[in-house]
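First comes the structure, then the notes that go with it.
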Amino acid sequence: MKWLHNQNEIAIQFVLSDEFSHLRPEQRQALLHEGTGPRVISAFVEIIFDNSDNRIPINQMATAPDSQRIKLLREVAGTKVYDERKEESKNARDSITRWVIKRNEKCRKLARRRIIAIKVVTIGTNKRKLVKELRFLKTGLCK
């Protein structure tokens with residue numbers, strides 16, 4: 001039963017996904033026949049949807065081109081919601097990244113200011129020491 005379930009998933013992906021649209025003929029043939037026994041030349045996939053809630057617009061599906069049908073099916077299946085939430089998450093991530101970059105730049109500026117402040121204090125301390133030494137030397141030389 002697990003094999004059948006997996007094959008059903010592959011069949012649905014084959015019909016709805018763009019993933020299989022670029023397969024070479026021998027790769028498509030491999031999807032139809034795997035293992036021993038007679039080769040299968042053709043196959044079909046039938047997907048039956050429960051539309052009792054009228055979520056699938058049947059008239060629109062019947063007249064729409066394939067690309068529009070796939071778009072409608074993805075919308076009904078919820079992949080559109082997934083894509084929208086994925087985009088929202090990407091935007092939130094990008095916003096957080098911009099905030100972190102700004103915050104890091106502020107931290108770098110503060111660090112540079114701290115280094116300058118330490119240098120100013122050091123220079124001030126050295127200046128006071130030099131002034132004291134100069135006074136000492138002046139008073140020592142004058143005596």
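The values are calculated or read from the model by the stated rules, or taken from the named source; none is laboratory data. Model, not experiment: these values are computed from the prediction. Don't worry about glycine lacking a Cβ; one is built from the backbone with ideal geometry, like all the others, and counts go over all protein chains shown. Accessible surface areas use protein heavy atoms only, side chains included; no ligands, DNA or RNA. Shrake-Rupley method; radii C 1.70, N 1.55, O 1.52, S 1.80 Å.
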Checklist entry - Which GluC sites (Glu not before Pro) from region 31-107 combine a DSSP loop assignment with at most 10 other Cβ atoms within 10 Å? => result Glu34, Glu46
Item to check | In nm, spacing of pseudo-spin labels at Ile96 and Ile48 (7 Å Cα→C-beta vector) | outcome: 4.5
Checklist entry - trypsin sites (Lys or Arg not before Pro) within region 41-95: which are DSSP loop residues with at most 16 other Cβ atoms inside 10 Å? => result Arg55
Checklist entry - Where only protein heavy atoms count, and the probe is 1.4 Å, what is the accessible area per residue for region 63-107 in Å²? => result 85
